[in-house]
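Structure, as structure tokens:
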Amino acid sequence: DTAVSQTPKYLVTQMGNDKSIKCEQNLGHDTMYWYKQDSKKFLKIMFSYNNKELIINETVPNRFSPKSPDKAHLNLHINSLELGDSAVYFCAIGGIDSPLHFGNGTRLTVT
Amino acid sequence: KQEVTQIPAALSVPEGENLVLNCSFTDSAIYNLQWFRQDPGKGLTSLLLIQSSQREQTSGRLNASLDKSSGRSTLYIAASQPGDSATYLCAAPQGGSEKLVFGKGTKLTVNP
């Protein structure tokens, strides 16, 4: 049973569209994250949610909005997609003293 | 602001060799440090988490050390195997926050 599952695995869309990426976890961790890995493989945190509350919000365009309907889910909505949004987006879960568990990523391609 | 640097960026070794991957961080006020492995097209897999009070942590053929005072951590892989080929990343928290800052990784290739 996968601890962190993301859907879809691949997402190809045109500029200007709005899309969502879903993340679900079954380990019961309170904290969930979204990370972005760019074309140079550099991994950077975008958001952190703890028990449905936003904790970390990096300098991310407000076109990106995380939504947590419950403790097991943290979805990422992206409005008005741009070419530069193309990247791999990872959902992760963990606590301050526990290893971070990552999903397998969503490869977003904006054309 | 935490900055994490990994050296070398890439490493190619023959099977069976012991090797060391290096990680340095600028903010030593960390509560732990983590090492991950990433296979192509996959997410990251946690390998080892070292608490700030520990000097090293071992899992199988992997041993990670932590020297907070010098801002360094090493990942030692013993008797490397082709299946160890992957990108290895280290991550340290920024200040006392949950925000993990990642290095750019070391891409390891173990040749049979």
Kindly establish whether B:S53 is out of contact with any helix residue (DSSP H, G or I) (no Cβ under 6 Å at 6 or more places or on another chain), modelled with pLDDT of 95 or more and farther than 18 Å from A:G103 by Cα.
no
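For every residue, the table says whether it meets (1) more than 13 Å from the chain's Cα centre (by Cα); (2) modelled with pLDDT under 95; (3) within 10 Å of A:C23 (Cα to Cα).
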{"position": "A:P66", "(1), (2), (3)": "no, yes, no"}
{"position": "A:D70", "(1), (2), (3)": "yes, yes, no"}
{"position": "A:L74", "(1), (2), (3)": "no, yes, yes"}
{"position": "A:H77", "(1), (2), (3)": "no, no, no"}
{"position": "A:A87", "(1), (2), (3)": "no, no, no"}
{"position": "A:L100", "(1), (2), (3)": "yes, yes, no"}
{"position": "A:L108", "(1), (2), (3)": "no, no, no"}
Contact list, first residue from region B:10-22 and hydrophobic (A, V, I, L, M, F, W, C), second anywhere and modelled with pLDDT of 95 or more and outside any strand (DSSP E or B), beta-carbon distance below 8 Å, six or more apart or interchain, is B:V13/B:S80; B:L19/B:S80
Matching residues, region A:1-36, being under 22 Å from A:E58 (Cα atoms), in a loop (DSSP other than H, G, I, E, B) and at pLDDT 95 or above
A:D18
Out of curiosity, is A:L54 farther than 26 Å from B:Q51 by Cβ and touching a Pro at 6+ places or on another chain (Cβ under 6 Å)?
no
Between A:F102, A:F47, A:F42, which is of a type in the set (F, W, Y) and more than 8 Å from every other protein chain (Cβ to nearest Cβ)?
A:F47
Might you check whether a residue that is within 11 Å of chain B (Cβ to nearest Cβ) and closer than 22 Å to A:F42 by Cα occurs anywhere in region A:62-78?
no
Any residue that is in contact with a Leu (Cβ under 9 Å, 6 or more places away or on another chain), more than 23 Å from A:T2 (Cα to Cα) and of a type in the set (G, A, S) - is there at least one of those in region B:8-20?
yes
Would you mention how many residues in region A:89-98 are within 9 Å of chain B (Cβ to nearest Cβ) and either crowded, with 19+ Cβ neighbours inside 10 Å or of a type in the set (G, A, S) (or both)?
6
Limited to region B:67-112, what total is found for residues that are facing chain A (nearest Cβ under 9 Å), of a type in the set (V, I, T) and more than 12 Å from the chain's Cα centre (by Cα)?
1
Restricted to region B:3-21 and to residues being touching a Ser or Thr at 6+ places or on another chain (Cβ under 6 Å) and charged (D, E, K, R), the residue farthest from B:S73 (Cα to Cα) is B:E17
What's the number of the only condition in (1) within 14 Å of chain B (Cβ to nearest Cβ); (2) free of Cβ contacts under 8 Å to residues at least 40 places away in the same chain that A:Y35 fails to meet?
(2)
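The values are calculated or read from the model by the stated rules, or taken from the named source; none is laboratory data. Here the structure is a predicted model, which means the values were calculated and not measured. All Cβ positions, glycine included, derive from the backbone under ideal geometry; neighbour counts span all protein chains shown.
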